[in-house]
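Coordinate-derived values only; no laboratory data. Not measured: the values here are computed from a predicted model. With ideal geometry, Cβ positions are generated from the backbone for all residues, glycine too; neighbour counts draw on all protein chains shown.
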Amino acid sequence: MRPSVEQRLTAELEGFKRDGVYKRLNYLDSPQAARVVMEGRGDVIILSSNNYLGLCTVPEVIRAGHEALDRFGAGTASVRFICGTFTIHRELEAELASFVGTEASLSFVSCWTANEAVCPTVLGPEDIVISDQLNHASIIDSIRLARQITKCQHALYRHSDMKDLEEKLQAAKEARSRLIFTDGVFSMEGDVARLADIVALAQKYDAAVAVDDSHATGVLGRTGRGTPEHTGTLGQIDIITSTLGKALGGASGGFVASSTAFCDYLTQRSRPQLFSNALPCTIAGSAMAAVRYLRSHPELITRLRQNTAYFRDQLKARGFKPIDGDTPIIPVILGETAKAIQMSEMLLSEGVFVTGFGYPVVPKGEARVRCQISAAHTRGDLDQALRAFDKVGRKLKLV
Ligand code: PLP
């Protein structure tokens with residue numbers, strides 16, 4: 001007799017456990033912050049959250065969520081065009097557009113759905129999307145959907161390889177339109193897309209540029225406007241997608257920022273808008289407060305930068321080899337997957353929560369622990385984490 005679906009899945013889950021790739025969930029009993037209370041572990045320093053600015057626990061951000069809940073109630077109860085949309089969505093969308101430097105923006109329940117809304121909605125069989133090999137899974141799936149639904153064309157360029165991108169653009173000269181799609185910051189490496197070069201190539205080959213700035217909004221650039229500000233291309237990116245679930249309060253939600261026409265077209269035609277509820281108003285309130293808070297507290301970005309430079313330098317001084325870069329994502333390459341997982345477990349025993357990543361998330365032999373720094377970390381938090389790295393690194397003979 002054939003195994004039932006449940007039997008098959010159970011057997012596969014056992015396999016994940018045997019292979020050491022089963023993900024155990026760690027339960028927290030406190031808000032996301034520099035330190036959290038982890039069930040069974042107590043007080044733990046978090047070095048693996050996207051709470052880059054520490055806004056998850058800022059009273060103004062929390063209060064704005066409460067106020068929106070009181071004013072608009074718990075739910076949106078349907079799709080925006082069917083049952084009405086909330087004024088707070090319009091206000092949030094104007095705030096986000098002004099922050100990232102576009103004419104308009106449109107909110108979604110996540111950046112995953114924002115990305116999925118883009119390619120299948122705007123590309124047809126005559127069009128091509130050309131994407132970086134290391135793009136986030138949600139961009140990859142957006143392109144997969146588009147290829148399936150609209151039969152659009154697709155080409156992949158080697159990671160940040162501008163020569164390869166130019167070859168792909170040249171080969172796509174006959175397409176009706178060309179869309180280059182890249183992450184702003186690549187989450188596993190922490191490196192920044194070469195947006196100035198990409199914009200120059202886009203101009204040369206009459207292409208549009210879409211940037212998923214999830215790890216950069218609120219983080220990169222002098223005032224936190226993201227990769228375009230960091231690379232001197234503010235106002236030159238056609239489509240920006242980003243999340244509200246990282247630096248901007250960390251709840252969830254995402255958005256597409258672009259021209260008024262582009263956002264209107266997504267409102268009319270994108271399936272995640274037409275067939276799914278709007279962003280909860282509580283999140284809209286908190287995210288808007290997060291942007292406003294950031295505008296009036298630029299010192300958060302300075303602190304994030306100082307913390308990042310300190311942690312990276314101190315890791316190096318202790319003999320570790322973090323990948324160099326400009327972002328608060330600091331991967332420490334360890335080699336084999338088992339080593340990364342072991343190191344992550346041992347660090348947790350020392351009170352530091354940092355996730356290990358191995359193949360297939362990263363290439364074979366490049367397993368790593370990925371540290372993410374926050375403006376909320378105090379020097380004391382970082383020093384305690386560094387002492388734990390030192391101790392565990394020595395035990396594992398890494399340093
Ligand atoms: N894009 C990038 C680059 C991300 O890192 C993530 C989250 O991991 C997403 C999109 C998805 O964001 P959200 O959690 O808002 O769906």
Excluding residues fewer than 8 positions from residue 395 in its own chain, the lysines with Cα under 21 Å of it are 316, 321, 339
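Taking R0 as 22 Å, what FRET efficiency do you get between residue 141 and residue 271 from their Cβ-Cβ distance, rounded to the nearest 0.05? Numbers along the way, then the final one.
On the way: r = 13 Å, r/R0 = 0.59.
E between residue 141 and residue 271, to the nearest 0.05, is 0.95.
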Helix 5-18 sits off the longest principal axis of the Cα atoms of the chain, rounded to the nearest 10 on a 0 to 90 degree scale, by 50
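Which GluC sites (Glu not before Pro) in the stretch 324-397 sit in a loop by DSSP (not H, G, I, E or B) and have at most 14 other Cβ atoms within 10 Å of their own Cβ? Let's see the in-between values first.
Details: sites: 336, 345, 350, 366; in loops: 336, 350, 366.
Qualifying residues, ordered by number: 336.
What range in the chain is the longest one free of chymotrypsin sites (Phe, Trp or Tyr not before Pro) that are in a loop by DSSP and have at most 12 other Cβ atoms within 10 angstrom?
Values: sites that count: 22, 27, 275.
Longest run free of exposed loop sites: 28-274.
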For residue 204, the lysines lying under 25 Å Cα to Cα, once residues fewer than eight places off in the same chain are dropped, come out as 163, 168, 173
Per the helix-only model, the chain has a calculated mean residue ellipticity at 222 nm (DSSP H runs of ≥4, -39500 (n - 2.57) each, divided over all residues, rounded to the nearest 500) of -13500 deg cm²/dmol
In the stretch 164-235, the trypsin sites (Lys or Arg not before Pro) that sit in a DSSP loop and have at most 14 other Cβ atoms within 10 Å of their own Cβ are 173, 176, 222
For residue 246, the lysines lying under 24 Å Cα to Cα, once residues fewer than eight places off in the same chain are dropped, come out as 23
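With +1 on the Cβ of every Lys and Arg and -1 on the Cβ of every Asp and Glu, and nothing else charged, how large is the dipole of the stretch 59-296 about its Cα centre, in debye rounded to the nearest 20?
Details: 22 positive and 27 negative charges, 66 e Å.
About 320 debye.
For residue 222 and residue 163, FRET efficiency with R0 = 35 Å and r from the beta-carbon atoms, rounded to 0.05? It would help to have the intermediate numbers written out before the result.
On the way: r = 30 Å, r/R0 = 0.87.
For residue 163 and residue 222, the calculated efficiency is 0.70.
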Between residue 204 and residue 81, the two model label points (7 Å from Cα along the beta-carbon direction) sit apart by a distance in nm of 4.0
Fewest to most Cβ atoms within 10 Å: 66, 215 sort as 66, 215
A student asked for the Cα radius of gyration and Dmax of the stretch 320-369 in angstrom ought to give 10.7, 29
For the chain, using Cα atoms only, the Rg and Dmax in Å read 21.6, 66
Quick P(r) readout (the stretch 59-296; Cα-Cα; 10 Å bins; whole %) gives 8, 34, 36, 17, 4, 0
Note on the stretch 71-133: C-alpha Rg/Rh, Kirkwood Rh, two decimals, gives 1.05
Listing 162, 1, 346 by rising number of other beta-carbon atoms within 10 angstrom, fewest first, gives 1, 162, 346
Rounded to one decimal in nm, the spacing of the 7 Å Cα→Cβ label points at residue 336 and residue 302 is 4.7
Here, residue 264 and residue 24, labelled 7 Å along Cα→Cβ, have an inter-label distance in nm of 5.5
Relative contact order of the chain (C-alpha contacts under 8 Å, at least 6 apart) in percent is 22
Given unit charges at Cβ for Lys, Arg (+) and Asp, Glu (-), the dipole magnitude of the stretch 31-155 about its Cα centre in debye, nearest 20, is 260
